[in-house]
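Comments concern the structure below.
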Amino acid sequence: MLVGIIVMVALPTIARWADTVIGAGESGQISTSGRNGTLSGSHGPFTDFSETYHRENFGPDSGVGITPSMRILTSIEDTLTVLFLLTVGCCYKSLVTNRRTQLPYANLPSGCSLASAPHDFHASCLSCGGNLSICAWSCLAWSVRMGDTYHAAGVTNFWTPLAVYVGARIGALIIGTIPGMVGGVPTFSMKIMQAFFFARWRQALRERLGAPAVWSSRVFVKDALLYIFLPFCLIAQEAQTVDRAAGTRVVCCTIQDSSYLTVEDAEQELVN
């Protein structure tokens, strides 16, 4: 999403720069597709596409569904996003995931065990526990941090979240080819599909942390809705819980051993 916003806002500038790089710019050309017909420093295929995109999606003829230029730009955005997540994922997996130990199956810290009712995460999904790295990774490279969390907990493979995202984006592209399809519907429908997988993994993580393996449609729907509307918050919540249970802390691109004290443990340590 962040890549998409940046590309959409900066598209005219990027297009002129790209035309200049490939030598397709022609100084002094008048751009008649703009609002008032402004003088552009370069004009070539990328600038033509930029003008077509803004004319089709923001001009007087907009609102007729997903346009060809929107599909092209969305495909470029998705490709850049996947390449970014894949590159960062390779580095993160080498520096962090491959160096961490698996979550212990027994003797989980009391502050992390979900064996007691209500069998839900102790930390709020709106809190990163004061760990800036968790917040940053969960927002900027969400599939990387999610893959690390679930891999450490033995729930799924490190690359599976990224694979689900790639499948969702391909599905959104296919749905977007339907004539008259309203913009945003393909992406939202695929977010629902992703939430189905994520909610199942979240329940598996609960069980991994000691919660009873009891299926609840109410909990599943709640998790799916949270993953649709607050995905980054849930990723950070799960990451914080697993890191605490494993006695580790991710700082930037390194993993460190760390001991987390409960309130009771801290009070006892002060007494001693």
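The values are calculated or read from the model by the stated rules, or taken from the named source; none is laboratory data. If you're wondering where the values come from, they're calculated on a predicted model, not measured in any experiment. Cβ atoms come from the backbone with ideal geometry, glycine included; neighbour counts cover every protein chain shown.
Here are the numbers for the structure shown:
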| quantity | calculated |
| --- | --- |
| Tally of residues being touching a helix residue (DSSP H, G or I) at 6+ places or on another chain (Cβ under 7 Å) and over 20 Å from ALA163 (Cβ atoms) across region 186-218 | 3 |
| Failed condition for ALA213, given (1) surrounded by fewer than 15 Cβ atoms within 10 Å (Cβ to Cβ); (2) touching a residue at least 12 places away in the same chain (Cβ under 8 Å) | (2) |
| So LEU73, is it over 30 Å from SER189 (Cβ atoms) and surrounded by 14 or more Cβ atoms within 10 Å (Cβ to Cβ) | no |
| Yes/no for ILE228 being surrounded by 18 or more Cβ atoms within 10 Å (Cβ to Cβ) and at pLDDT 90 or above | no |
| Single residue of region 178-189 satisfying the filter (at pLDDT below 90 and either closer than 16 Å to GLU77 by Cα or of a type in the set (S, T, N, Q) (or both)) that is surrounded by the most Cβ atoms within 10 Å (Cβ to Cβ) | GLY183 |
| Candidates PHE49, PHE58 - the one that is aromatic (Phe, Trp, Tyr) and modelled with pLDDT of 85 or more | PHE49 |
